[in-house]
Amino acid sequence: MAEYYPISLILAGLVLVPVIAFALSVICAYELRKVSARLQARRGPYFIVPKEVRSVLGVTRLFQPLYDILKLLYKETIVPSTAIGSVFKTAPYVALASLIAALYFVPMGGFSLFGQFEFSIVAISYLLLMVPLALTVGGASSSSPWGAIGAQREAELTLAYEVPQILGIFALAIMANTLSISSLIDFQNQRIPFLILNPFAAVAVFLALIGKLQIKPFDISEAEVEIVAGPVTEYSGRLLGILEIMKTLLTFLVPALFIDLFLGGALVRTTTLNYPASAALFILESLLIVVIAAVIHVYSPRFRVDQAFKWFSRFPLVLGLIAIVWAYAIKIFGVL
Amino acid sequence: MSVSDQVRTNIKSMLGQQDSVETALANNRFNYRIPAEKLADIAQYLKDPVRGRLAHISVIDLGIDGFDIVYHYALDHLEKHLHLNFKIRISREDPQIASLATVSQEAIWPERETMDFTRVKFTGNPLTQRLWLPYEWPNPVEGSTPQNNTVKTEDTLIVPQNPLRAQQSLLLLGPYHPSLIESVYWRLKVSGEEILDAQIKLGWNHRGIMKLFEDKNYRRALTLSERICGICHISHTTAYVNAVEQIAGIDLPIRARYLRTLLNEFERIHSHLLWFAVAADLIGFKTVFMLALKLREDVMDIFEKVSGHRRSTTCIQIGGVRFDITGEDLTHIERKTKHLESKTRDMLEWARDHPVVRKRLEDVGRLPYETVARLGGVGPTARGSNYKVDVRWSDSFAAYGEDYTTWDVVLDGGEDCWARTIVRLKELLVSYDICYQCINYLRNNSGPYLLEMNNIPEGEGLGKNEAPRGELMYYIVSDGTNVPYSVRVRTPSYRNNSLLPEMLKGYSVADAPIIIGSIDPCMSCSDRLARIEDVRTNKVSILSLKEIARRRNKNGRILSN
């Protein structure tokens, strides 16, 4: 049986983990916007803040994504009269709730609320799958043709990237013989990170996660010049704000998951586990992954959904299959 | 025997001895006045063996005398400068004439335009809906009954359909949509994401400019012509002065020719760069959008330096150019042009090498040579399908002729969006080359660049220009006063927009923006009342702005009735 933290710490963590993760994800979202803006010869989010609050915020406007969300939360929410109201209103909350639940299972800098749970990988996979599902249902229920087309694209794209992602993650599970994400981190810290041990899985999962982040080559479901905003076309006000919070959280959760799976959770050990240093390294590595994502975002135009499907089944899927074979080969020949 | 002699002899024999009235105008243009029943035969002859282009159909309101319908046939792609105008007079009491749509499909749009705005009726035109005016407006010929109610019922049936049972649905793109920079309304019939049928509706930016021309004198009309399009203002003024100078018989000074060429080429450069940016955005490539627009700023700087304005420079005048470009300005322009050229070569390389760009553009929006020739495409759209039409080459004006500059027409046989992209990027390189030649002449020579303007005599002129989007045509009729009697404008997007429904069929909704964008549509050019629709009751009311203002309630919302 896995060992959990005391109940008081778990209760505190239930509140603190989403708050801290949201603060970090705001910084990640800012970085994604700023880096891609600078690479596109733009200014990006406004740089200078008023003098009075500089002592608190510093000179950069790091919290621009937060202000955007706050603005949306103040605004009026309009539900189309032809939409299926209950589904339309529930979908964003379902997406956000499942994403927050997924956060509890993802270790961050050595701290994890439920990471020791024996099936935490399975739980994360399902909870992350809830996000596109909720978006699909929400878009389809909005009664807008753009929402319907966006929902269809979202579903197709999810099918395309989910398979390589699952293959890549389960290749690790086969190698470490566990379904718990904390055990995976322990396994990597005792030997070497999976990035070196199984690079095929790393590439397959990274590409799948780019699809999940919905940045440039794969922002197909929200292609603004084609279908306005896809599933979120009819969303406004608070509901759109909830979806924005969800998206912002995703920009942090995706690098965090990658670090845990392939970079050994960014743990720093001196004699025992050094928590502050691990946390710092963790944040540094996730910012680095966001920069890589921003470069991909800047360098590529948008795929059409059929092209994306073909691309995913040509490269990441094959890499995922190779990763599984590689994992078995390493296990059978007993290299570890 | 040249094309012009052969065609004219044949037309003479078709008309017979008693009807044969031919007037030769300047610049290899010929006017014919023919009886209405001979028109179909001549059109058939010019369409099939000759392969001429029906450029436009103008209608001139002669007041009590009736209407003059002028069919402009452009044969300049066969022989330099050759144009034939066929005039038919119809009476005011019974303004009817048989449609040419069965003979040449190029006639459909001009005939619809004429029917929208005048009382003239073309019997047998297959397009039964309004193209410019709102669908519900009464037909001036048939009386006050709304033209067709079928459109409205179709709308109400299809939009709130149950998505689970829908096989086909109607996707309404526009009038305001992120992919459309200007307002245009598309009705796409789709099955899943595949487009089965497409229908276009224009008129969202109709300003009645052709009517405004009729009460402005020639010099003021020039600035009005500049306002037709925000992007290609120099092209419009050049085409306008080409027509006026043809009437007045002005022979341009050589320096003015080179200056006009230089300015026109800079217009093309900035417009193609803008197009490149927008096209990149349409396939989701924001980075290239930003970089290309940054590059376009250099051209804007050149305009500002030489004229004081970034846009609407009014640099072209009747009889020349408003200002001279000399000395340091030329050096500045040359330096900027060299910078632009090297960056354009870079962009051509990027576009060629990027795998996703090619995937999005190749085999998309296929436009076969036959379709272009049949429907009369112009500009880079036509040249991307190997159809050689370029006014600079065929009806050369200013310094585009062989005596002044040397350059080639860019052609590509790819027939898809990729080919049109390549044609535009290569045209940029050709434009830089022409610019260098002009700068070279301007630096080493001097002379007058603006002539005194005299009275404009009675007559008519057909002025053309190769705008960045294609062949632009002005037809001006002068009655000897200082105000033009009639001005008719045929913009390039007018012709290319009519190709779009053909191009969209069979492709997916994801491809629709880039297909529409690949012709570089300029809706304000093609367009020349407020309408309120109540979604729940499908009741449509047409209100003036004053009425809307009166019916606003305290919250500033418009009340529906």
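The values are calculated or read from the model by the stated rules, or taken from the named source; none is laboratory data. Remember, it's a predicted structure, so these values are computed and weren't measured experimentally. Here the Cβ positions follow ideal geometry from the backbone for every residue, glycine too, while neighbour counts run over all protein chains shown. Heads up: the accessible areas ignore ligands, DNA and RNA and are worked out on the full protein's heavy atoms, side chains in. Shrake-Rupley method; radii C 1.70, N 1.55, O 1.52, S 1.80 Å.
Residues that are open to solvent by 10 Å² or more (accessible area, probe 1.4 Å) and not in a strand (DSSP E or B) within the stretch B:457-485 comprise B:PRO457, B:GLY480, B:THR481, B:ASN482, B:VAL483, B:TYR485, listed in sequence order.
Of the helices (runs of 4 or more DSSP H) entirely within the stretch B:289-395, those holding at least 1 residues that are touching a Ser or Thr at 6+ places or on another chain (Cβ under 8 Å) and either within 14 Å of chain A (Cβ to nearest Cβ) or on the phi < 0 side of the Ramachandran plot (or both) occupy B:327-353, B:355-361, B:369-375, B:379-383. A single member of A:SER98, A:SER112 is polar (S, T, N, Q), closer than 30 Å to A:PRO276 by Cβ and within 21 Å of the chain's Cα centre (by Cα), and it is A:SER112. Among the residues of the stretch A:79-101, those that are open to solvent by 20 Å² or more (accessible area, probe 1.4 Å) and under 22 Å from A:THR248 (Cβ atoms) comprise A:LYS89, A:THR90, A:TYR93, A:VAL94, A:LEU96, A:ALA97, A:ILE100, A:ALA101. Answer with yes or no whether B:LYS286 is open to solvent by 10 Å² or more (accessible area, probe 1.4 Å), more than 14 Å from every other protein chain (Cβ to nearest Cβ) and over 24 Å from the mean Cα position of the chain (by Cα). Spelling it out, it is not the case that B:LYS286 is open to solvent by 10 Å² or more (accessible area, probe 1.4 Å), more than 14 Å from every other protein chain (Cβ to nearest Cβ) and over 24 Å from the mean Cα position of the chain (by Cα). Just one of the listed residues (B:LEU84, B:LEU100, B:LEU75, B:LEU62) is modelled with pLDDT of 85 or more, in contact with a strand residue (DSSP E or B) (Cβ under 8 Å, 6 or more places away or on another chain) and open to solvent by 10 Å² or more (accessible area, probe 1.4 Å), and it is B:LEU62.
Only one entry in B:ILE64, B:ILE69, B:ILE60 is farther than 25 Å from B:VAL378 by Cβ and either over 24 Å from the mean Cα position of the chain (by Cα) or in a strand (DSSP E or B) (or both), namely B:ILE64.
Residues considered: A:PHE262, A:PHE252, A:PHE258. Of these, the only one that is in contact with a Leu (Cβ under 7 Å, 6 or more places away or on another chain), within 17 Å of A:PHE105 (Cβ to Cβ) and open to solvent by 10 Å² or more (accessible area, probe 1.4 Å) is A:PHE258. On the given criteria, is A:GLY147 part of a helix (DSSP H, G or I) and either within 14 Å of chain B (Cβ to nearest Cβ) or over 20 Å from the mean Cα position of the chain (by Cα) (or both)? So A:GLY147 fits the description; yes.
With respect to A:LEU70, is the statement that it is open to solvent by 30 Å² or more (accessible area, probe 1.4 Å) and either more than 30 Å from A:TYR275 (Cβ to Cβ) or part of a loop (DSSP other than H, G, I, E, B) (or both) true? Yes, satisfied. Taking residues in the stretch B:198-223 that are among the aromatic types (Phe, Trp, Tyr), and partners anywhere that are in a helix (DSSP H, G or I), the pairs with Cβ atoms closer than 8 Å and at least 6 places apart or on different chains are B:TRP204/B:MET523; B:PHE213/B:ALA221; B:PHE213/B:LEU224; B:PHE213/B:SER225; B:TYR218/B:VAL244. Per the listing A:ARG191, A:ARG153, the residue uniquely within 14 Å of chain B (Cβ to nearest Cβ), among the basic types (Lys, Arg) and at negative phi is A:ARG153.
Quick check on the stretch A:135-144: of everything there that is assigned to a helix (DSSP H, G or I) and open to solvent by 10 Å² or more (accessible area, probe 1.4 Å), which residue is nearest to A:LEU250 (Cα to Cα)?
That would be A:LEU135.
Could you identify the single residue in A:ALA171, A:ALA176 that is open to solvent by less than 10 Å² (accessible area, probe 1.4 Å) and under 19 Å from A:ALA204 (Cα atoms)?
On the way: A:ALA176 fails: open to solvent by less than 10 Å² (accessible area, probe 1.4 Å).
Of the residues listed, the single one that is open to solvent by less than 10 Å² (accessible area, probe 1.4 Å) and under 19 Å from A:ALA204 (Cα atoms) is A:ALA171.
Screening the stretch B:486-517 for residues that are closer than 20 Å to B:TYR369 by Cβ and more than 19 Å from the chain's Cα centre (by Cα) and picking the one that is least open to solvent (accessible area, probe 1.4 Å) gives B:LEU504. Applying a threshold of 6 Å to beta carbon distances and a minimum spacing of six or more residues, or different chains, the list of pairs starting in the stretch A:79-104 at a residue that is away from chain B (no Cβ under 14 Å) and ending at one that is at pLDDT below 90 and assigned to a loop (DSSP other than H, G, I, E, B) reads A:GLY85/A:VAL79; A:TYR104/A:LEU113; A:TYR104/A:PHE114.
Wholly within the stretch A:246-336, which helices (runs of 4 or more DSSP H) include no fewer than the required count, namely at least 3 residues that are away from chain B (no Cβ under 14 Å), hydrophobic (A, V, I, L, M, F, W, C) and within 17 Å of the chain's Cα centre (by Cα)? Before you say what the answer is, go through the steps one by one.
Details: elements: A:275-299, A:305-314, A:316-332.
It comes to A:275-299.
Taking the stretch B:103-145 as the range and being surrounded by fewer than 16 Cβ atoms within 10 Å (Cβ to Cβ), modelled with pLDDT of 75 or more and either touching a Gly at 6+ places or on another chain (Cβ under 9 Å) or not in a loop (DSSP other than H, G, I, E, B) (or both) as the test, only B:THR123 passes.
Any chance you could count how many residues in the stretch A:109-123 are open to solvent by 10 Å² or more (accessible area, probe 1.4 Å), touching a helix residue (DSSP H, G or I) at 6+ places or on another chain (Cβ under 6 Å) and under 23 Å from A:LEU281 (Cα atoms)?
Residues of the stretch A:109-123 open to solvent by 10 Å² or more (accessible area, probe 1.4 Å): A:110-111, A:114, A:116-119, A:122-123.
If we keep only those that are touching a helix residue (DSSP H, G or I) at 6+ places or on another chain (Cβ under 6 Å) too, we end up with A:110, A:114, A:116, A:123.
Of the ones still in play, those that are also under 23 Å from A:LEU281 (Cα atoms) are A:110, A:114, A:116.
Matching residues across the stretch A:109-123 total 3.
Taken together, B:LEU222, B:LEU172, B:LEU196, B:LEU259 contain a single residue that is within 14 Å of another protein chain (Cβ to nearest Cβ) and either among the aliphatic types (A, V, I, L, M) or not in a loop (DSSP other than H, G, I, E, B) (or both), which is B:LEU172.
Looking only at the stretch A:230-244, count how many residues are under 21 Å from A:ARG33 (Cβ atoms) and open to solvent by 30 Å² or more (accessible area, probe 1.4 Å).
Looking only at the stretch A:230-244, we keep the residues that are under 21 Å from A:ARG33 (Cβ atoms), and these are A:230, A:232, A:235, A:240-244.
From the residues that got through so far, the ones that are open to solvent by 30 Å² or more (accessible area, probe 1.4 Å) too are A:240, A:244.
Matching residues across the stretch A:230-244 total 2.
As a summary of the residue check, B:GLN18 satisfies the conditions (1) open to solvent by 60 Å² or more (accessible area, probe 1.4 Å); (2) within 24 Å of the chain's Cα centre (by Cα) except for the one numbered (2).
Criterion first (open to solvent by 40 Å² or more (accessible area, probe 1.4 Å), at negative phi and in contact with a Phe, Trp or Tyr (Cβ under 8 Å, 6 or more places away or on another chain)) does A:LEU127 satisfy it? Spell out how you get there, then give the answer.
On the way: open to solvent by 40 Å² or more (accessible area, probe 1.4 Å): no; at negative phi: yes; in contact with a Phe, Trp or Tyr (Cβ under 8 Å, 6 or more places away or on another chain): yes.
Answer is no for this residue.
Restricting the stretch A:208-226 to residues that are within 14 Å of chain B (Cβ to nearest Cβ) and farther than 16 Å from A:ARG304 by Cβ leaves a set whose member that is modelled with the lowest pLDDT is A:ILE215. Across the stretch B:175-193, the qualifying residues are those that are touching a Ser or Thr at 6+ places or on another chain (Cβ under 8 Å) and facing another protein chain (nearest Cβ under 9 Å), and the one among them that is modelled with the highest pLDDT is B:VAL190.
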